[in-house]
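K.L.:
Once you've had a glance at the structure underneath, I'll fire off some questions.
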Amino acid sequence: MIEVKIEKGYVRVGNRRASLLSGAVHYWRLHPNSWRPVLQAVRDMGLETIETYICWEFHEIEKDVFDFSGESDSRRNLLGFLELTKAMGFWLILRPGPFIYSEWVHMGVPQDVAKYHRMHPEFTRRAANYIREVCKVIAPFQATRGGHVILLQADNETDMFEYIYEEQLGLGNEAGMFQEFLKKKYAGDIDRLNARWGSDLESFDQARAVMT
């Protein structure tokens, strides 16, 4: 196992230093024929580290079925991009989401999953499956294993989207995740919640968050 440490301005990989100053190349937005010349242009700018999102929706070709080798579309060949960047001597920073934003519809989340808040059981199940599968592709290229992936960002611009998922979260007119959280926190004892809040609620479903 190779030791990897973040230090000021760079990542130390064993006895080598990888710069955190990177150039963004979204492989899935380019035809693979363009990858090498684009990467060379990045190198000509003096950069040795590449950063890219990995788009969940683009790689999930049907429910719980993924293409990371480009069989269905050559732009989905994440494996090929990893191999090429390694062969060209780049360090790599990967950002697989689940949310990537990046001006992509549903922020990179599949359309049938986007209707769920990120804490919804169906979202977490589908997202966990995606992360599990994409990590199988990434793992052999980790710097700790002698590869060139020095950093992995688990999500991007995390927020609650309460204005979209208001009812699911229990922040609107119906009880939801917020009330379930309170019920669990207070072991189902509404009197404990009332004592803490100074309220006289009859059930957890009546509890409402203070929105600012």
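K.L.:
GLU51: out of contact with any Pro (no Cβ under 8 Å at 6 or more places or on another chain), closer than 14 Å to LEU94 by Cα and either touching a residue at least 24 places away in the same chain (Cβ under 8 Å) or open to solvent by 40 Å² or more (accessible area, probe 1.4 Å) (or both), yes or no?
P.N.:
Working: out of contact with any Pro (no Cβ under 8 Å at 6 or more places or on another chain): yes; closer than 14 Å to LEU94 by Cα: yes; either touching a residue at least 24 places away in the same chain (Cβ under 8 Å) or open to solvent by 40 Å² or more (accessible area, probe 1.4 Å) (or both): yes.
For GLU51, the condition - out of contact with any Pro (no Cβ under 8 Å at 6 or more places or on another chain), closer than 14 Å to LEU94 by Cα and either touching a residue at least 24 places away in the same chain (Cβ under 8 Å) or open to solvent by 40 Å² or more (accessible area, probe 1.4 Å) (or both) - is met.
K.L.:
What is the number of the single condition among (1) within 30 Å of LEU84 (Cα to Cα); (2) assigned to a helix (DSSP H, G or I) that GLY147 does not meet?
P.N.:
(2)
K.L.:
Please go through (1) touching a Cys at 6+ places or on another chain (Cβ under 6 Å); (2) more than 30 Å from GLU48 (Cα to Cα) for GLY108 and return the number of the only condition it doesn't satisfy.
P.N.:
(2)
K.L.:
Take ILE164 and decide whether it is open to solvent by less than 30 Å² (accessible area, probe 1.4 Å), among the aliphatic types (A, V, I, L, M) and not in a helix (DSSP H, G or I). Show your work before the answer.
P.N.:
Working: open to solvent by less than 30 Å² (accessible area, probe 1.4 Å): no; among the aliphatic types (A, V, I, L, M): yes; not in a helix (DSSP H, G or I): yes.
In short, no.
K.L.:
I'd like to check which helices (runs of 4 or more DSSP H) are fully inside the range 1-112 and have at least 1 residues that are touching a His at 6+ places or on another chain (Cβ under 9 Å).
P.N.:
Working: elements: 32-44, 56-59, 78-87.
Once the helices (runs of 4 or more DSSP H) in the range 1-112 are filtered for at least 1 residues that are touching a His at 6+ places or on another chain (Cβ under 9 Å), what remains is 56-59, 78-87.
K.L.:
Any idea which of (1) open to solvent by less than 40 Å² (accessible area, probe 1.4 Å); (2) more than 30 Å from SER19 (Cα to Cα); (3) of a type in the set (Gly, Ala, Ser) is the one ALA143 doesn't satisfy?
P.N.:
So ALA143 meets the others, but not (2).
K.L.:
Which pairs have Cβ atoms under 6 Å, sit 6 or more apart or on different chains, and link a residue in the range 62-77 that is on the phi < 0 side of the Ramachandran plot to one that is acidic (Asp, Glu)?
P.N.:
Qualifying pairs under 6 Å: PHE66/GLU60; PHE66/GLU133; ARG76/ASP67.
K.L.:
Are there any pairs, at least 6 apart or on different chains, whose C-beta atoms fall under 6 Å, with the first in the range 82-96 and touching a residue at least 60 places away in the same chain (Cβ under 8 Å) and at negative phi and the second part of a helix (DSSP H, G or I) and surrounded by 16 or more Cβ atoms within 10 Å (Cβ to Cβ), and if so, which?
P.N.:
LEU82/PHE141
K.L.:
Could you list, in sequence order, all residues of the range 167-212 that are over 35 Å from the mean Cα position of the chain (by Cα), of a type in the set (A, V, I, L, M) and not in a loop (DSSP other than H, G, I, E, B)? Give the steps one after another, and end with the answer.
P.N.:
Step one: list which residues in the range 167-212 are over 35 Å from the mean Cα position of the chain (by Cα), which gives 189-192, 194-203.
Filter once more, keeping what is of a type in the set (A, V, I, L, M): 190, 195, 201.
Hits for the range 167-212 are ILE190, ALA195.
K.L.:
So which residues in the range 143-196 are touching a Gly at 6+ places or on another chain (Cβ under 7 Å), of a type outside the set (A, V, I, L, M, F, W, C) and in contact (Cβ under 8 Å) with a residue 24 or more places away in the chain, if there are any at all?
P.N.:
As a first pass, look at the range 143-196 and keep what is touching a Gly at 6+ places or on another chain (Cβ under 7 Å): 155-156, 166-170, 176-179.
Remaining after also requiring of a type outside the set (A, V, I, L, M, F, W, C): 155-156, 166-168, 170, 176, 179.
Correct list: ASP155, ASN156, GLN168, GLY170, GLN179.
The values are calculated or read from the model by the stated rules, or taken from the named source; none is laboratory data. Please read these numbers as outputs of a predicted model, since none were measured by experiment. Heads up, the Cβs are rebuilt from the backbone with ideal geometry, glycines too, and the neighbour counts pull from every protein chain shown. All accessible areas refer to the heavy atoms of the entire protein, side chains included, with ligands and DNA or RNA removed. Shrake-Rupley method; radii C 1.70, N 1.55, O 1.52, S 1.80 Å.
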